[in-house]
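Chemist: Dropping a structure here in structure tokens format, bear with me for questions.
Bear in mind that the values in this text are calculations on the coordinates, not laboratory data. Here the structure is a predicted model, which means the values were calculated and not measured. Methodologically, a virtual Cβ is constructed for each residue, glycine included, from the backbone with ideal geometry; neighbour enumeration extends over all protein chains shown.
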Amino acid sequence: MKRRFMGIMLAATLAASLVACSSKDSSTTTATSTVNSEITAEEYADTIVANANIYKNYVTINSEDYLNREIDVDTSSYTVSDDDVNSQLETLLEQLTETENVYEGETKEGDVINLDYSGTLDGVAFSGGTATSYTYTVGSGSFIDDLDQGLIGLTVGQTYDIPCTFPSDYSSTDLAGKSVIFTVTVNYIEKDVVPELTDDWVATNASTLGYDGCTTVEELTAAVRANLETTAASNLVSAKYSAVYALITENLEVNDYPADELQQLLDTLNDNIQSEFDTYGSYYGITDLETYITTVYGFESTDAFNEYADEYAKSYLLEKMIVTIIAADNDITVTADEINTTGEELASYYGYDNYDAILSEYGNEMNAEIGYQCLYTNVTNFLADNSVLTTTTAE
């Protein structure tokens, strides 16, 4: 469950500003603080060097720590093959699978069937033992065992008498341990039919699947390949960055962490998990936060939770310090257009009309939040571009 906790911890960064219960805070910060303040998108670039100078009081890194570092990354894991493309096309087809009623054949375990059945005890129908046009999955165990297994191998359209015995501990004492007859007719078997990949199918369904403009199989195949290659390239950059970052931090000494920013992260985390408990605690039948933390997230105690939160917050903040210092020392910046574009994407994802609506609700400190996310991306690309691969394919 700790992976789920990490997702909550990430709410202490960009997403948290949108899902936290509190609205914008009009307070400002001092010039010596790296805590996000109310700034415009245009002003964010000016904070990079200022924050880096503060962070350099806590950690020291030099260009030789991250430039032209040799890394071992299996690039074959980030290539796109024809099989990958075909697999993705199959996935798209399966997303629009249709159900067809088949009025012939024999039933087998796992089939979804439509049936009529009537149960009799000593020739007399009993309560709850009759249904028409009932949908059932053969072998699911929802019926008593004798009936469940008796539905295997039946021919569609034919009527069968299936002798069954109710379990001795059956909930109805009138039927417990009794032998009965179920008269059963399978009306049809429901079959999932995956559509065929044709130009007509593409022209009709591509936009529904997020591939606007594709009208032929050839166009869809090319678009799928392009998407997979974009994702693979992005994942390779992330893998390179992770490898370089591991080398940077391998023997890195951290003097301390900016106390106000660290506390802000922890406060946001605690606010979010409190909000989650307030929303979902009753669903789990839990009435106090401590029990929620130990039960839902699997921590032994709240002390263990707090220790994990502190370690995770420090890990996040260390990376932010390193990224910001590298950016400042290599003239890596973020433009207002980058922030606004990312803000619009975020607004669309969270259901806001536009980025201005987010700023109106949560304040201009969101420009700093999103600015750092853009900076992180730019530094990730920089480190990946300036790394040296020692292994390029799997052996």
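Chemist: Under unit Cβ charges (Lys, Arg +1; Asp, Glu -1), what dipole magnitude, rounded to 20 debye, does the stretch 188-284 have relative to its Cα centre?
Modeler: On the way: 3 positive and 18 negative charges, 69 e Å.
In debye, rounded to 20, the stretch 188-284 gives about 340.
Chemist: What is the local net charge at GLU190, summed over the other residues whose Cβ is closer than 14 Å to its Cβ (Lys, Arg +1; Asp, Glu -1)?
Modeler: On the way: positive: LYS108, LYS191; negative: GLU98, GLU100, GLU104, ASP111, ASP192.
After counting each charged neighbour, the total is -3.
Chemist: With θ set to phi - 60°, apply the Karplus curve 6.51 cos²θ - 1.76 cosθ + 1.60 along the stretch 150-162 and write out the HN-Hα couplings as whole Hz, x wherever there is a Gly or Pro.
Modeler: Going residue by residue, I get x, 7, 7, x, 8, 7, 4, x, 8, 10, 10, 9, 10 Hz, with x marking Gly and Pro.
Chemist: Right, next: Would you mind computing Rg(Cα) / (2.2 N^0.38 Å) for the stretch 73-140, counting N as its residues?
Modeler: Ratio of Rg to 2.2 N^0.38 Å for the stretch 73-140: 2.05.
Chemist: Percent of Cα-Cα pairs more than 38 Å apart in the chain, please.
Modeler: Value for the chain (Cα pairs over 38 Å): 48 percent.
Chemist: Taking a ≥ b ≥ c as the square roots of the Cα gyration tensor eigenvalues, with a/c under 1.5 meaning rounded and otherwise prolate when a/b beats b/c, else oblate, which class fits the stretch 284-392? Before the final figure, lay out each step's value.
Modeler: Working: a/c = 2.50, a/b = 1.33, b/c = 1.88.
In terms of gyration-tensor shape, oblate.
Chemist: Just for the Cα atoms in the stretch 99-193, what are the lengths along the principal axes, largest first, rounded to whole Å?
Modeler: Principal-axis extents of the Cα atoms in the stretch 99-193, largest first: 43, 22, 18 Å.
Chemist: For TYR170, enumerate residues with amide H under 5 Å from its amide H, sequence gap 5+ or separate chain, H modeled in the peptide plane.
Modeler: Placed amide hydrogens put GLY177 under 5 Å from TYR170.
Chemist: Excluding ASP303 itself, what net charge comes from residues whose Cβ is under 12 Å from its Cβ, given Lys and Arg +1 and Asp and Glu -1? Could you put the intermediate results ahead of the total?
Modeler: Details: positive: none; negative: GLU290, GLU300, GLU307, ASP310.
Neighbour charge sum, excluding ASP303 itself: -4.
Chemist: Along the charge dipole of the stretch 161-310, pointing to its positive end and built from +1/-1 on Cβ of Lys, Arg, Asp and Glu, which listed residue (ILE248, VAL193, GLN264) has its Cα farthest out?
Modeler: VAL193
Chemist: Once phi is turned into ³J(HN,Hα) by the Karplus curve 6.51 cos²θ - 1.76 cosθ + 1.60 with θ = phi - 60°, what whole-Hz value does each residue of the stretch 49-64 show in order, with x for glycine and proline?
Modeler: Each residue's phi maps through the Karplus curve to give 5, 4, 5, 4, 4, 5, 5, 5, 6, 10, 8, 10, 9, 10, 4, 5 Hz.
Chemist: Right, next: What FRET efficiency would be calculated for the residue pair LYS56, THR159, taking the C-beta separation as r and a Förster radius of 56 Å, to the nearest 0.05? Intermediate results must be reported in sequence, preceding the final value.
Modeler: Values: r = 84 Å, r/R0 = 1.50.
It comes out at approximately 0.10.
Chemist: Scale the Cα Rg of the stretch 211-309 by the rule-of-thumb value 2.2 N^0.38 Å and send over the ratio, two decimals. Don't skip to the answer; put the middle values down first.
Modeler: On the way: Rg = 22.3 Å, N = 99, 2.2 N^0.38 = 12.6 Å.
Cα Rg divided by the expected 2.2 N^0.38 Å: 1.77.
Chemist: Determine ³J(HN,Hα), in whole Hz, for all residues of the stretch 67-80 in sequence, where each value follows from phi through the Karplus function 6.51 cos²θ - 1.76 cosθ + 1.60 and θ = phi - 60°; x replaces Gly and Pro.
Modeler: 8, 6, 6, 7, 10, 10, 10, 7, 6, 5, 6, 10, 10, 10
Chemist: For TYR188, what residues show an amide H to amide H distance below 5 Å, using hydrogens built from the backbone and excluding near sequence neighbours?
Modeler: ASN114
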